[in-house]
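See below for the structure under consideration.
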């Protein structure tokens, strides 16, 4: 006498494991025949068990074939790119170069600055271009960062749903995703040097400096509105 036969004689019911194997069609031929005969007797308890496990298997089969929307996958990949450690090849290839900084451009001779103008920055990393405009808000501790990502290798393809994160001292201050034109906007509650992380391996993380007139974390002014910028001699 087998253990299954003993259980069947003891309470006239099979175990949960037996019915799981039966629903999955993984029971051997002899045991499947005994289970089928037991169901033919009209046992309501075992019939409910079989229906339950068949429904579970059907649902799990649907989950296995489910394909999430492509837009959701892009967002997840973009967020993961910000947190995963870069490979050695990525660390070697990554190099963000500052091509243009409006703050370094001299004013015409005799012209006084009327206020803290937005700072225009242009970066390049491989085939990618990052345009930034940094401007202080009414609150001197806040800064507006408006930017756009461009792929010079495929200019017709917009960099959409790319994660962009701004941080300071290892603390995330604000994050967003690029729109269908590769544009983004952030308004972190901070000043001084900030770290901008882009969910593209070739870009990675680099430092940006807001325009003068903002304040650091201790409230000290980094610049004064109305200060004259001296023109460089020609």
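The values are calculated or read from the model by the stated rules, or taken from the named source; none is laboratory data. The structure displayed is predicted, hence computed values, not measured ones. So basically every Cβ, Gly included, is an ideal-geometry build from the backbone, and we count neighbours across all protein chains shown.
Descriptive notes on the structure:
- Only a single item in (1) surrounded by 11 or more Cβ atoms within 10 Å (Cβ to Cβ); (2) under 28 Å from the mean Cα position of the chain (by Cα); (3) assigned to a helix (DSSP H, G or I); (4) at pLDDT 70 or above is not met by residue 91, and it is number (4).
- Summed over the range 174-195, residues that are more than 13 Å from residue 141 (Cβ to Cβ) and outside any strand (DSSP E or B) total 6.
- Taking the range 196-231 as the range and being in a strand (DSSP E or B), surrounded by 17 or more Cβ atoms within 10 Å (Cβ to Cβ) and at pLDDT 85 or above as the test, the residues that pass are 196, 197, 198, 204, 206, 208.
- Check on residue 117, in contact with a strand residue (DSSP E or B) (Cβ under 9 Å, 6 or more places away or on another chain), in a loop (DSSP other than H, G, I, E, B), surrounded by fewer than 17 Cβ atoms within 10 Å (Cβ to Cβ) and modelled with pLDDT under 80: yes
- The single residue among 122, 107, 134 that is at pLDDT 90 or above and surrounded by fewer than 16 Cβ atoms within 10 Å (Cβ to Cβ) turns out to be 122.
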